[in-house]
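Working notes, beginning with the structure itself.
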Amino acid sequence: MAHLRSVPYFTRSAGFCAPGARLWFERHGLDFRAFVRSGLPASIFEGTGCGMAQALARWAREEVAREQQ
């Protein structure tokens, strides 16, 4: 959820809003509550073919790599 709220690629302010994300999850048949509780693998987002989801996955991977340095 932290990555969803901080992804920098689409608007002047970082992040995607939770209500919009909830709708996106519903449209793609994904469980938003499970995502909030435990996260989901980046590959699930990449597999949707959605540019915004792919940007979120890229951002999450970048952030995790930075945290591991």
Review point. Given [x] 18, 14, 12; [y] 22, 14, 10; [z] 20, 14, 8, which label gives semi-axes √(5λ) of the Cα gyration tensor in Å as computed from the coordinates?
Key: [x]
Exercise for review: Could you do me a favour and compute the accessible area per residue for the chain, 1.4 Å probe, result in Å²?
Suggested key: 68 Å²
Check your understanding: How far is helix 18-27 tilted, in degrees, relative to the longest principal axis of the Cα atoms in the chain, given as a value from 0 to 90 rounded to the nearest 10?
Key -> 60 degrees
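Extension gain Ala2-Glu63, at 0.36 nm per residue separation less the Cα-Cα distance, in nm?
On the way: separation 61, 0.36 × 61 = 21.96 nm, distance 1.01 nm.
Difference between extended and current length: 20.9 nm.
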Review point. Going by alpha carbons, how many degrees (0 to 90, nearest 10) lie between the helix axis of 51-68 and the longest principal axis of the chain?
Key: 40 degrees
Point to revise | Neighbourhood charge, 14 Å Cβ-Cβ cut-off, centred on Val36 and excluding it, Lys, Arg +1 and Asp, Glu -1 | key: +2
Review point. Could you give the length gained on full extension between His28 and Glu46, defined as 0.36 nm per residue of separation minus the Cα-Cα distance, in nm?
Key: 5.3 nm
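In whole percent, how big is the carbon plus sulfur part of the accessible area of the chain, probe 1.4 Å, protein atoms only?
Working: 2510 of 4670 Å².
Heavy-atom surface of the chain belonging to carbon and sulfur, 1.4 Å probe: 54 percent.
The values are calculated or read from the model by the stated rules, or taken from the named source; none is laboratory data. This one's a predicted model, so the numbers in the text were calculated from it and none came from an experiment. Here Cβ is always computed from backbone atoms with ideal geometry, including for glycine, and neighbour counts include all displayed protein chains. Surface accessibility is based on the protein's heavy atoms, side chains included, excluding ligands, DNA and RNA. Shrake-Rupley method; radii C 1.70, N 1.55, O 1.52, S 1.80 Å.
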